[in-house]
Every structure is written in C-alpha cells, then in structure tokens.
Amino acid sequence: MLTLELRCPYADERTAQAVLAAVGPENGSYVQVVRQGAELVFHLQAERAGTLRNTADDLLACLKTAEEAVGLVAEPYIEPEERPE
C-alpha cells in the first residue's frame with residue numbers, strides 16, 4: 001500500500017475550516033483529512049502509484065478551487081506551456 005501525507009497550512013482556523021468544508025464532500029473514501037488548528041492534514045492511500053497520483057491531482061485541483069473561493073489565490077494558475085512569452 002502506498003501512502004501520501006499532504007499538509008496545508010492556512011492563516012487561521014476559520015480559513016482552514018472553510019477549505020475543509022469545500023473539499024470534504026469531494027474526498028469520499030479515498031482521502032482522510034484532519035484539521036489541526038489552522039492546518040489541514042490529508043492522508044491518501046492507494047495500491048498503485050498511478051492511482052495515488054490521480055487521487056492527489058484531484059485533491060490538489062479541489063484545494064485550488066476552494067482556496068480561490070475563499071480568496072487565497074490572487075491570480076488563476078496558467079500552465080507553463082499556455083503562458084504568453
């Protein structure tokens with residue numbers, strides 16, 4: 001079994017709770033999350049590396065959307081190959 005721990009610190013507990021509320025329903029049984037004060041700690045598990053990577057990618061996308069919703073991200077992310085030169 002492969003595991004991954006992802007820690008996401010926020011400025012305060014209220015922000016961490018807002019992000020947790022936004023990504024909680026998306027996690028389902030694939031990701032376990034614990035809020036420790038102003039930090040979210042995600043535990044991911046999978047049998048295969050590809051599955052773990054896909055789960056992490058999905059979680060990171062959901063986190064980005066949640067952070068944008070609570071005003072933590074000032075500019076939208078642009079893939080390097082899509083950036084103007």
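The values are calculated or read from the model by the stated rules, or taken from the named source; none is laboratory data. Predicted, not measured: the structure shown is a model, and the values here were computed from it. Cβ: placed from backbone, ideal geometry, glycine included. Neighbour counts: every protein chain shown.
Computed quantities for the displayed model
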| item | result |
| --- | --- |
| Residue selected from region 1-48 under the condition small (G, A, S) and more than 14 Å from L63 (Cα to Cα), by the criterion modelled with the lowest pLDDT | G28 |
| Sole exception among (1) among the acidic types (D, E); (2) within 11 Å of the chain's Cα centre (by Cα); (3) modelled with pLDDT under 90 for D57, by number | (3) |
| Options V34, V19, V23, V41: the member that is β-branched (V, I, T) and either surrounded by fewer than 14 Cβ atoms within 10 Å (Cβ to Cβ) or without any contact (Cβ under 8 Å) to a residue 12 or more places away in the chain (or both) | V34 |
